[in-house]
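These notes are about the structure you will find just below.
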Amino acid sequence: MNDMRPLERIVDTDNIKISAKGCQVYYGDTHAIKDVDVQIEDKTVTAFIGPSGCGKSTFLRCLNRMNDTIDICRIEGEILLDGENIYDKKVDPVQLRAKVGMVFQKPNPFPKSIYDNVAYGPRIHGLAKNKADLDVIVEKSLRRGAIWDEVKDRLDAPGTGLSGGQQQRLCIARAVATEPEVLLMDEPCSALDPIATGQVEELIDELRSQYSVVIVTHSMQQAARVSQKTAFFHLGNLVEFGETGQIFTKPEDPRTESYISGKIG
Amino acid sequence: MADATANSPRRHGSLTTTDPRTKRRNAAEARFRAYGIAAIGLGLFFLVVLATSIIRSGVPAFTTTVVSLEMNVSQAEYDEAESGMLKTAAYTKLFITKLGAQLREAGIGDDVQDDAIERIMGKVGSDMRSFYQENPDSIGETVTFTLNASSRVDGYFKGRVNRETLVDSRFLVATDLDVVDALTEAGIITRQFDWGFLTGKDAGVDNPGGAGIGASVIGSFFMMLVVLVLSLPIGVAASIYLEEFAPKNRWTDIIEVNISNLAAVPSIVFGILGLAVFIQFAGLPQSAPLVGGLVLTLMTLPTIIISTRASLKAVPPSIRDAALGVGASKMQAVFHHVLPLAAPGILTGTIIGLAQALGETAPLLLIGMVGFVAREYPGGFIEGFVEPNSAMPAQIYTWAARSDVAFYEKAWGGIIVLLVFLLIMNAIAIVLRRRFERRW
């Protein structure tokens, strides 16, 4: 970040969406993320797994600069989105977050109507010229969030009145309404029951056709079910990164193997 | 039973018998509940005592004793009264003569002396004169005057004055009370609700019957307007900055501690600060609601900042995350989402701060709102801020300090008016809270 040399804008393939190089994160004196290099592909679901406190959520929040809101958090190294360093001084985090949407662990709809929840992002980014445009965006987003059929008759009802699973899908619809390119999901199913989890997982698989999805999860089964690439974090290090199938069947690192087989974590 | 326990391997006794330790614990709990109920009972008892004593002492202030009289002042009498040196005395004389004549005509007390009537009536001349000055058309016509009797006659009806207390008095003598009784029987002297107390202005020390709290209510109103207009935006803006935007470092810590300390500074300190800064340095007018409002703003700001910050803190961080996550700027997140959710708390804190300021007396002592006799209403809206006036608590203080017992009663009445205003404000706070409260 302090390195002011011209950026190397070499992207290996068109497929790489996000590329982190030598990323270090400090919380005060704590070194939370140690020298992480990772390349996240477009139109792919990438899962971050690892024991609690290993830094996977911290790293996820670096990808749309949500850590900026934490005063004591400091980031070094670079994270490139389409070849541009998102920690460059010229980058406005607000524009970045419109491109990199986020879904949080606990469903957090605004205490407003379902319609306003989805319409808020497009409104502040000026994506709709008029009410009709906005209606179209809201419907499209709610359809992508696989919740349209359940709420189309009560768009004026408060978003907080929905069930937990519906709230989370509403939050996903809200995140996709700003037409992001990357969707970050921080344990999106940890507060949901198995049925709602199944619905959200199905949705994630559908979203893959249009977005690059990064999901943090505690459930290894979930990572295996929804992701194509998996990254295993341990004590702030990125231990292993590769094809999901390979990570779960033939892990190279002994730490990955012991985590997957339940010996650590 | 004992055998069974002895034979069985269980380590605890039967569940149906309580062991000594449990008994002690239960007794401690019962004692604690008793203390709690006793404390609440004591509090309620004092509340009832306070309320009854306020109502008992204050309610008489809302009634007054009046003399109603139909009379006709001719142009000649008017001219004669206006030509004299002591004009109001001439009117008083006119009134007394006419009342005396009517009494004798009606056959009440043939032996009633005019000076007895003068003692009963007090100074009615000025009221009469101002009536004829404002309504010159009424000269020569029959007009019904309803004028306050003297404060001692009023006191006779309210139980403050009786024949024994009047033995040495030269303002009202015991035999006058017989006349008063006769006039009451004739329906000339009556008691009625005293609208003048609610709407009137303060009067001089010799005229408690004419004193009202109205002008100082207006003074308080203008002061509260200044407080609201200044402290709400400044307080809310300061808290939003401190809570949402300011970096957390040594400086903001110092500011935070100082704001909390400021809330505990005695109000008289703000008063002397106001005297030094607003009146002596800035040259603002003395006794003006503007200055009072500025001083009370200083006092109210910490309260508003503390309550606003508390309600901003109570908004779950997930709402901020949600807004930032869809690409809202920090300010959009605060103004679109956090502030509306914190609004009920902010409103409640503001109204409670205003209610505190409304009842505050000490700072007003120092900026001259106490010595001032609020004889006039402000001339207009702007004048309401800068013309000298009193405020409700300052007026109550002034009345309580005057020697005439009738003013003491007025002070209690003023307290009732003040408490009614406070109750209304608290009720508004509750209603707003209920209305704007949203769940998340």
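Since every read-out is calculated from the coordinates, none of them should be taken as a lab result. What you see is a predicted model, and the numbers here were worked out from it, not measured in a lab. We place every Cβ from the backbone using ideal geometry, glycine too, and count neighbours over all the protein chains shown.
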Open item on the list: How long are the semi-axes of the equivalent ellipsoid of region B:214-436, taking √(5λ) for every eigenvalue λ of the Cα gyration tensor, in whole Å from largest down?
Closed with: 37, 19, 15
Open item on the list: Charges on Cβ only, +1 for Lys and Arg, -1 for Asp and Glu, centred on the Cα centroid of region B:159-234; of B:Phe197, B:Asn162, B:Val227, which one is farthest towards the dipole's positive end?
Closed with: B:Val227
Task: Size of charge dipole - chain B - debye, nearest 20, with Cβ of Lys, Arg +1 and Asp, Glu -1, no other charges - done: 3680 debye
TODO: Please arrange B:Asp114, A:Asp153, A:Asp186 by counting, for each residue, the other beta carbons lying within 10 Å of its beta carbon, fewest first.
DONE: A:Asp153, B:Asp114, A:Asp186
Task: Total formal charge among the other residues, if their Cβ is under 10 angstrom from that of B:Ser169, Lys/Arg +1 and Asp/Glu -1 - done: +1
TODO: Using DSSP to define loop residues, name the trypsin sites (Lys or Arg not before Pro) in region A:151-183 whose beta-carbon has at most 15 other beta-carbon atoms within 10 Å.
DONE: A:Lys152, A:Arg154
TODO: Evaluate the charge dipole of region A:16-260 about its Cα centre and quote only its size in Debye, nearest 20, assuming +1 on the Cβ of each Lys and Arg and -1 on the Cβ of each Asp and Glu.
DONE: 480 debye
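Determine the shielding of peptide B:327-333 by partner chains: average, over its residues, the number of Cβ atoms on other chains within 10 angstrom of each Cβ.
Values: counts 19, 8, 5, 4, 0, 4, 2.
Average neighbour count from other chains, rounded to a whole number: 6.
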Task: A:Val239 long-range amide H proximity, modeled H, under 5 Å - done: A:Phe232, A:Phe233, A:His234
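Averaged across orientations, what area in nm² does the convex hull of the alpha carbons in region B:94-172 project? Don't skip to the end; give the middle numbers.
Working: hull surface 25.0 nm².
Result: a mean projected hull area of 6.2 nm².
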TODO: Report, in degrees rounded to the nearest 10, the 0 to 90 angle that the Cα long axis of helix B:87-106 makes with the longest principal axis of chain B.
DONE: 70 degrees
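Viscosity 1.002 mPa s, temperature 20 °C: Stokes-Einstein D of region A:19-74 from its Kirkwood Cα radius, in µm² per second? Intermediate values should be presented prior to the final figure.
Details: Rh = 12.1 Å.
It diffuses with D of about 178 µm²/s by this estimate.
Which pairs break 24 Å Cα to Cα here: B:Lys87/B:Lys201; A:Lys99/A:Lys152; A:Lys43/B:Lys330; A:Lys129/A:Lys152? Working shown, then result.
Working: B:Lys87/B:Lys201 22 Å; A:Lys99/A:Lys152 27 Å; A:Lys43/B:Lys330 30 Å; A:Lys129/A:Lys152 22 Å.
Violating the 24 Å limit, Cα to Cα: A:Lys99/A:Lys152; A:Lys43/B:Lys330.
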Task: Tilt relative to chain B, helix B:289-313 - C-alpha long axis, 0 to 90 degrees, to 10 - done: 20 degrees
Task: Viscosity 1.306 mPa s, temperature 10 °C, Stokes-Einstein D of region B:62-193 from Kirkwood C-alpha radius, µm²/s - done: 104 µm²/s
Task: In order through region B:408-413: 3J(HN,Hα) via Karplus (6.51 cos²θ - 1.76 cosθ + 1.60), integer Hz, x for Gly, Pro - done: 4, 5, 4, 4, 5, x
Open item on the list: Just to be sure I understand the curve: with the Debye formula and one point per C-alpha of region A:161-265, what is log10 I(q)/I(0) at q = 0.10 Å⁻¹?
Closed with: -0.31
TODO: For chain B, find the longest principal axis of its Cα atoms and tell me its angle to the long axis of helix B:214-240, 0 to 90°, nearest 10.
DONE: 20 degrees
- [ ] Quote the relative contact order of chain A in percent (integer), defining contacts as alpha-carbon pairs under 8 Å separated by 6+ residues.
- [x] 26 percent
Task: Hz values of 3J(HN,Hα) by residue in region B:356-369 - Karplus curve (6.51, -1.76, 1.60), Gly and Pro given as x - done: 4, 5, 4, x, 6, 10, 3, x, 6, 4, 7, 9, x, 8
Task: Distance in nm between pseudo-label sites at B:Asp181 and B:Asp137 (7 Å out along the Cβ direction from Cα) - done: 4.5 nm
Task: Length-normalised contact order of region A:198-252 in % [C-alpha pairs under 8 Å, at least 6 apart] - done: 23 percent
Task: Largest-first principal axis extents, alpha carbons of region B:16-59, Å - done: 60, 14, 6
Open item on the list: List the residues, sorted by chain then number, that are 5 or more residues from B:Val161 or on another chain and whose placed amide H is less than 5 Å from its amide H.
Closed with: B:Tyr156
Task: Spatial extent of the protein assembly as shown: Rg and Dmax, with the Cα atoms as the point set, Å - done: 39.7, 126
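Run through region B:1-102 and list the trypsin sites (Lys or Arg not before Pro) located in a DSSP loop whose Cβ has at most 15 other Cβ atoms within 10 Å. Let's see the in-between values first.
Details: sites: B:Arg10, B:Arg11, B:Arg21, B:Lys23, B:Arg24, B:Arg25, B:Arg31, B:Arg33, B:Arg56, B:Lys87, B:Lys93, B:Lys98; in loops: B:Arg10, B:Arg11.
Sites meeting the loop and neighbour criteria: B:Arg10, B:Arg11.
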TODO: Express in % the proportion of alpha carbon pairs of chain B at distances exceeding 44 Å.
DONE: 38 percent
Task: Ranked B:Ile268, B:Ile117, A:Ile49, criterion: other C-beta atoms within 10 Å, fewest first - done: B:Ile268, B:Ile117, A:Ile49
TODO: Mind checking region B:100-174 for GluC sites (Glu not before Pro) that DSSP puts in a loop (not H, G, I, E or B) and that have at most 13 other Cβ atoms within 10 Å?
DONE: B:Glu141, B:Glu164
TODO: Find the percent of Cα-Cα distances in chain A that exceed 28 Å, and round it to a whole number.
DONE: 35 percent
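Using a 10 Å cut-off around each Cβ, can you sort B:Glu360, A:Glu243 from fewest to most neighbouring Cβ atoms? Write down the numbers at each step before the final one.
Values: B:Glu360 22, A:Glu243 13.
With the sparsest Cβ surroundings first, the list reads A:Glu243, B:Glu360.
Between B:Leu47 and B:Met85, what is the FRET efficiency for a Förster distance of 60 Å, r being their Cβ-Cβ separation, to the nearest 0.05?
Working: r = 56 Å, r/R0 = 0.93.
Efficiency, rounded to the nearest 0.05: 0.60.
How high is the relative contact order of chain B, in percent, counting Cα pairs under 8 Å that sit 6 or more residues apart? If you can, show how the numbers build up before the last one.
Details: 565 pairs, mean separation 78.4, N = 440.
Value for chain B: 18 percent.
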Open item on the list: Can you find, among A:Gln228, B:Gly379, B:Pro285, the residue sitting farthest towards the positive end of the charge dipole of the protein assembly as shown, where Lys and Arg contribute +1 and Asp and Glu -1 at Cβ?
Closed with: A:Gln228
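Over all distinct Cα pairs, what is the inverse of the mean 1/r for region A:97-224, reported as the Kirkwood hydrodynamic radius in Å?
Details: mean 1/r = 0.0693 Å⁻¹.
For region A:97-224, the Kirkwood estimate is 14.4 Å.
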